[in-house]
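What follows is one structure encoded as structure tokens, with my remarks underneath.
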There are 4 protein chains.
Amino acid sequence: MARNVIKDQQQRELRRNQILSAAASVFTVRGVAVAKISDIATEAGLSYGHVYNFFESKEKILLALVQSSQERYTELLLEARGGSGTSLDKLRWLIEQYLQKGRTSTHFWVVLQAQATEVLNPEEKAEINQKAQANRDLLADIIRDGQAEGTIVEGDAVELATLLLSLFQSTSIWGYRGFGEPSGHAVDIMLRLVVKK
Amino acid sequence: MARNVIKDQQQRELRRNQILSAAASVFTVRGVAVAKISDIATEAGLSYGHVYNFFESKEKILLALVQSSQERYTELLLEARGGSGTSLDKLRWLIEQYLQKGRTSTHFWVVLQAQATEVLNPEEKAEINQKAQANRDLLADIIRDGQAEGTIVEGDAVELATLLLSLFQSTSIWGYRGFGEPSGHAVDIMLRLVVKK
Amino acid sequence: MARNVIKDQQQRELRRNQILSAAASVFTVRGVAVAKISDIATEAGLSYGHVYNFFESKEKILLALVQSSQERYTELLLEARGGSGTSLDKLRWLIEQYLQKGRTSTHFWVVLQAQATEVLNPEEKAEINQKAQANRDLLADIIRDGQAEGTIVEGDAVELATLLLSLFQSTSIWGYRGFGEPSGHAVDIMLRLVVKK
Amino acid sequence: MARNVIKDQQQRELRRNQILSAAASVFTVRGVAVAKISDIATEAGLSYGHVYNFFESKEKILLALVQSSQERYTELLLEARGGSGTSLDKLRWLIEQYLQKGRTSTHFWVVLQAQATEVLNPEEKAEINQKAQANRDLLADIIRDGQAEGTIVEGDAVELATLLLSLFQSTSIWGYRGFGEPSGHAVDIMLRLVVKK
DNA sequence: AATGAATGAGAATTCATTCAT
DNA sequence: TATGAATGAATTCTCATTCAT
């Protein structure tokens with residue numbers, strides 16, 4: 001007979017998320033360009049053919065993944081900016097959240113591959129870079145606030161933001177480079193970059 | 001006759017370097033896993049079949065490239081360590097050299113792909129990671145000297161070194177991420193990470 | 001109850017015809033081998049899964065379609081043969097009916113694909129060819145009658161029939177070949193093939 | 001050492017023709033949409049991968065084949081038009097050549113599939129149809145000459161041409177339809193279509 | 001040394017068909 | 001009856017690698 005449309009919808013949503021989260025894992029561990037659709041399907045626990053009922057290509061999966069990751073990062077930034085305490089407190093909170101695995105389940109590492117590699121076409125890359133710049137600008141806002149309140153050192157807020165994000169993002173991939181994991185002090189050290197002595 | 005042997009040897013060396021340098025460029029721009037042997041051959045100005053007279057596979061090219069890049073970085077570190085001035089001066093010089101394009105012609109970005117991706121086999125990756133750690137330790141040495149001479153902040157020298165290198169290495173790929181290029185002040189800001197107030 | 005059974009039967013018949021008629025359209029426009037089951041289902045206004053409640057495969061749809069088309073053509077031939085007037089009149093009527101879209105809604109073009117392509121298996125193709133020959137023979141009968149009555153030229157009736165049907169059938173696909181549609185005179189011209197001067 | 005460029009060129013040409021001629025055969029026997037690249041490669045006696053060094057897809061092979069077939073048909077038409085004798089003689093010669101297998105090795109049947117099916121994209125189909133119309137117009141020229149010289153019946157030369165070509169082209173595929181082969185008289189019968197009584 | 005023709009393993013993708021609901 | 005999620009066989013296509021010249 002007729003199907004349960006609501007349930008179908010939920011099931012679809014569930015499957016889509018399964019695929020994205022499997023892709024996040026596979027892309028992270030194996031590398032985006034090396035990952036096979038069948039790896040993702042296996043990781044997600046469904047057949048490779050079914051993946052194509054949700055995404056028309058590996059490229060589109062990557063795109064969806066990166067965009068969702070960037071959106072979650074935007075939310076984190078907005079939450080940080082809107083939080084209480086000094087700008088330094090906000091930055092500390094932000095970095096701690098960022099480094100804490102799971103909070104941003106898709107990794108900087110995957111976004112980086114999408115940005116710096118020819119896996120995506122130029123238009124898609126441009127879109128991602130634009131969003132990355134927008135996020136950087138949000139970070140610069142927090143820094144500008146800190147400069148106003150006197151907790152953060154003077155200087156070009158955008159450059160300070162770019163340096164700070166480069167630092168904590170690259171710290172998040174120490175594991176893949178054989179550098180172990182950062183200690184509890186690491187965030188304090190990072191903040192020296194911007195803190196006013 | 002003897003002369004021809006020598007000439008041949010030089011010619012061979014020249015070709016090999018052509019290929020490595022073409023590979024560096026192609027790997028950087030297109031991404032290691034996406035790059036084709038024929039791209040490299042074209043960039044190097046020779047036929048793709050000829051590449052195999054120098055390297056037995058794409059993988060071996062990457063390996064040779066990364067190793068040579070790491071060696072050049074080692075030399076840079078040794079040169080910095082052996083230089084005159086305070087440890088801070090040495091670090092500043094090192095970072096400036098590093099960021100100056102051409103000095104480290106093969107990029108951090110390629111090494112990162114080799115480290116974090118499954119393009120190479122585990123043994124090869126382990127070897128690269130080991131060398132990366134050794135280089136990090138050289139940087140930690142400089143930092144330790146600085147702590148002894150009082151110009152550098154206290155703390156785990158290895159972690160400080162890892163943070164500092166994360167920062168300047170990731171700064172070197174701003175271009176690929178749409179972040180523009182760092183200003184002349186950037187190095188000073190980076191050094192705040194380790195400088196003693 | 002009894003009424004429901006009858007109604008169900010009618011409903012089933014209706015659905016089946018919907019599918020066949022959708023298939024005719026899709027096969028004609030897109031080509032038999034390229035057409036997808038889902039195209040047919042969409043055109044018929046039902047779900048692709050439901051198609052399998054009526055036909056066990058795409059092949060069977062094609063077979064049913066071609067057979068029904070051949071049967072309708074047989075009926076047309078019988079009707080023509082049984083009509084009044086000279087054999088020439090009958091031929092003219094036949095061709096006019098044939099060319100008049102809708103009368104033979106499934107097209108010669110689809111039958112031709114079924115005959116000349118490996119979409120169907122050899123047994124099925126043989127069956128279709130046999131029926132096509134039987135129809136040709138019906139046409140030859142009319143021609144033979146015309147020869148007896150003196151309105152049609154002498155000669156091998158089967159060959160004359162084959163030439164004549166080749167002509168009007170291929171005329172029916174001018175549209176797909178960019179040749180426009182035949183004028184009102186076309187039938188008279190075609191009949192020159194067999195008319196006795 | 002260096003290769004023999006001339007020989008390479010010849011070899012390439014040879015291979016290309018091997019592929020086209022294999023494709024003609026496979027497309028004709030199996031049907032265009034059903035034919036696999038690997039069928040063509042096997043028929044041509046080389047590996048499927050190598051086919052892609054000559055044609056980027058099955059579609060492009062079909063296109064090349066059809067175009068070459070149309071060109072050969074054009075040549076035939078020009079040769080016929082330029083020949084001696086009445087227009088009727090020219091038409092007879094043309095049809096005889098056409099029906100004689102090997103003269104037009106790629107078959108009308110393949111061209112028809114290319115024209116009437118969605119194997120090619122609309123632009124490619126349009127191009128083919130245009131060429132088909134141009135060829136039809138050449139045939140119409142011959143007919144017009146015949147009308148001027150009084151050997152061919154009055155009437156729209158283009159429609160007469162379209163009817164005549166429909167007839168002899170469709171006759172060329174009797175074999176696939178189980179209709180046997182036309183007799184030696186067939187051409188005379190066909191010509192009745194246009195001959196002035 | 002140098003070239004590029006030739007091969008085929010492997011990955012992406014399509015779509016007929018099955019089946020739970 | 002009716003739907004569309006799910007599967008995987010079959011095919012296309014790419015590209016590293018080999019090898020004759």
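Phi angles across the range B:46-55 convert, under the Karplus curve 6.51 cos²θ - 1.76 cosθ + 1.60 with θ = phi - 60°, into 3J(HN,Hα) values of 9, 7, 5, x, 5, 4, 6, 7, 10, 9 Hz, Gly and Pro given as x. Residue by residue along A:183-192, Cβ atoms of other protein chains within 10 Å of the local Cβ number 4 on average.
Relative contact order for the range C:74-165: 33 percent, from Cα pairs under 8 Å spaced at least 6 residues apart, divided by residue count. Counting only lysines at least 8 places from residue C:90 when in the same chain, those with an alpha carbon closer than 20 Å to its own are C:101, C:196, C:197. Label-point spacing at residue D:3 relative to the other copies reads 3.4, 5.3, 8.1 nm, in ascending order, each point sitting 7 Å out from Cα along Cα→Cβ. Taking the Cα centre of the protein assembly as shown as origin and assigning +1 to Lys and Arg Cβ atoms and -1 to Asp and Glu Cβ atoms, the resulting dipole is close to 420 debye. The two copies C and D are related by a rotation, and the chain C beta carbon nearest its axis, with distance in whole angstrom, is C:33, 1.
Helices in chain B that qualify as membrane-span-like (whole DSSP H runs, Cα extent of at least 30 Å along the helix axis, mean Kyte-Doolittle hydropathy of -1.0 or higher) are B:2-30, B:58-82. Of the whole protein surface, residue C:131 contributes about 70 Å² of accessible area at a 1.4 Å probe radius. With Cα atoms as the point set, the radius of gyration and Dmax of the range C:1-73 evaluate to 12.9, 43 Å. Using a 7 Å projection from Cα along Cα-to-Cβ, the label point at residue D:48 is separated from the same position in the remaining copies by 1.4, 1.9, 2.2 nm, smallest value first. Here the protein assembly as shown exposes an accessible surface that is 50 percent carbon and sulfur, computed with a 1.4 Å probe and the other protein chains kept in place.
If you look at the Cα atoms of the range C:41-197, you get an Rg and a Dmax of 17.3, 58 Å. Between chain B and chain A, roughly 4000 Å² of accessible surface gets buried, counting both sides and using a 1.4 Å probe. When the surface is traced with a 1.4 Å probe over the full set of protein chains, residue C:195 keeps roughly 40 Å² accessible.
Global dimensions of the protein assembly as shown from alpha-carbon coordinates: Rg and Dmax equal 38.2, 125 Å. In this structure, the amide hydrogen of residue B:151, modeled 1.01 Å from its nitrogen in the peptide plane, lies closer than 5 angstrom to no residue at least 5 positions away or on a different chain. Charge tally for residue D:144 (other residues, Cβ to Cβ under 15 Å; Lys, Arg +1; Asp, Glu -1): -3.
For the pair the range B:15-54 and the range D:163-177, the centres of their Cα atoms are 55 angstrom apart.
Might you tell me the accessible area per residue for the range A:65-191, computed with a 1.4 Å probe and given in Å²?
On the way: 4730 Å² over 127 residues.
With the other protein chains kept in place, the range A:65-191 gives 37 Å² per residue.
Of A:30, C:12, which has the most accessible area and how do the rest follow, probe 1.4 Å?
Details: A:30 60, C:12 110 Å².
Output order, biggest surface exposure first: C:12, A:30.
Our estimate of slack between residue B:72 and residue B:86, defined as 0.36 nm per intervening residue step minus the Cα-Cα distance, is 2.8 nm. Taking the Cα centre of chain C as origin and assigning +1 to Lys and Arg Cβ atoms and -1 to Asp and Glu Cβ atoms, the resulting dipole is close to 540 debye.
Candidate cross-link partners of residue A:60 among the lysines, defined by an alpha-carbon separation under 21 Å and a same-chain spacing of 8 or more, comprise A:36, A:125, A:131. GNM remark for chain D: springs join alpha carbons under 10 Å apart, and the peak mean-square fluctuation among D:21, D:172, D:47 falls on D:47. Each label point was placed 7 Å from the Cα along the Cα-to-Cβ direction; for residue C:123 and residue C:57 their separation is 1.1 nm.
The values are calculated or read from the model by the stated rules, or taken from the named source; none is laboratory data. None of these values were measured; they are calculated from a predicted model. Positions of Cβ are backbone-derived with ideal geometry, glycine not excepted, and every protein chain shown enters the neighbour counts. Each accessible area value is taken on the protein alone, full model and side chains, heavy atoms only, with ligands, DNA and RNA left out. Shrake-Rupley method; radii C 1.70, N 1.55, O 1.52, S 1.80 Å.
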